[in-house]
Amino acid sequence: MAETLTTVRAPLELREACNLARKSGKIAFVPTMGALHEGHLSLVRAARTRADFVVASIFVNPTQFGPNEDFARYPRDIAGDTKKLASAGANLLFAPDASVMYPAGEETRVRVGALGEHLCGPFRPGHFEGVATIVAKLFGLVGESVAIFGRKDYQQLKILQRIAVDLFMPVEVVGMPIVREADGLAMSSRNAYLAPADRDRARGLSLGLSHAWRAFEKGERDAEPIKNLALAEVIQVADRIDYVSLVDADSLQPITEKIGARALLAIACHVGKTRLIDNVVLGEDPDPRASMDARGAEG
């Protein structure tokens, strides 16, 4: 673990600190929007196993929020997050203001292609352009590194991997497994919005994914029955469903007939006023409810 955590707020300070650290070894980078939970901290710990110096960022990026989304009320706890990052072993925190990341006169945006056309893309216009733009800025400042992201935002992960390759960035983008609560719910900063009754209902997302996962493991390869197993659970708990989709795990294009060796089954829905996402890569990931089974709970 790091003995101290240095915080910088200016982009050039970040670049200079990373350039200096790189002289002594490899850098790992964990970008976040704060409101840190165990899922984020697991990324920091994974970063420590891959590099000599770990950089984390906290920035609630305004360009990835739509006009009716939760930018203003997105949870923020910079003091608490700083302590968590230090305890997890981060060496440097970049916590800029929006004015330095989007200074007066800036106008460049990173356009996202086919990877953003399905899943969350149609429901959050401009979202992935905002994500791609801010991450490109951060990658440009941090420089050569390995960047660690969670797989809960699987579409985001695939888009950022594509950006790093297409723009010749000296960054290896690595996805880490979803971290779940004991009852199977994927950890998310937005879980804090859930009222107790909604929090209980939200378990239906991982339950639906688990039913589909088990059918796949038993040999089911038809897309519609697999998708419907997840949908049946989500219908019971969601107030509004954006999608329950089965797509190619690499191209993110819809699968309508037979599933191959692996496929992404992804969910986005609203439970109460909170939008939740979850997923499983069939043929690759473990059962989303495996931790419950280990505790002897019903799946």
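Within segment 211-262, work out how many residues are among the hydroxyl-bearing types (Ser, Thr, Tyr) and touching a Leu at 6+ places or on another chain (Cβ under 7 Å).
The number of residues fulfilling the criteria is 2.
Just for segment 54-86: of the residues that are in contact (Cβ under 8 Å) with a residue 60 or more places away in the chain and among the aromatic types (Phe, Trp, Tyr), which one is nearest to Val142 (Cα to Cα)?
Phe59
With respect to Gly130, is the statement that it is assigned to a helix (DSSP H, G or I) and within 25 Å of Asp81 (Cβ to Cβ) true?
Criteria met by Gly130.
Quick one: what pairs do we get from segment 6-21, first residue of a type outside the set (A, V, I, L, M, F, W, C), second assigned to a loop (DSSP other than H, G, I, E, B) and surrounded by 19 or more Cβ atoms within 10 Å (Cβ to Cβ), C-beta under 8 Å, 6+ apart or different chains?
Every condition considered, the pairs that remain are Thr6/Asn91; Arg9/Pro96; Pro11/Pro96.
Within segment 180-299, which helices (runs of 4 or more DSSP H) (wholly inside it) include 1 or more residues that are more than 25 Å from Gln156 (Cα to Cα), touching a residue at least 60 places away in the same chain (Cβ under 8 Å) and not hydroxyl-bearing (Ser, Thr, Tyr)? Give the steps one after another, and end with the answer.
On the way: elements: 196-201, 203-217, 223-237, 290-294.
It comes to 196-201, 203-217, 290-294.
No lab work stands behind these numbers, since they all come straight from the coordinates. These numbers come from a predicted model, not from an experiment. Here Cβ is always computed from backbone atoms with ideal geometry, including for glycine, and neighbour counts include all displayed protein chains.
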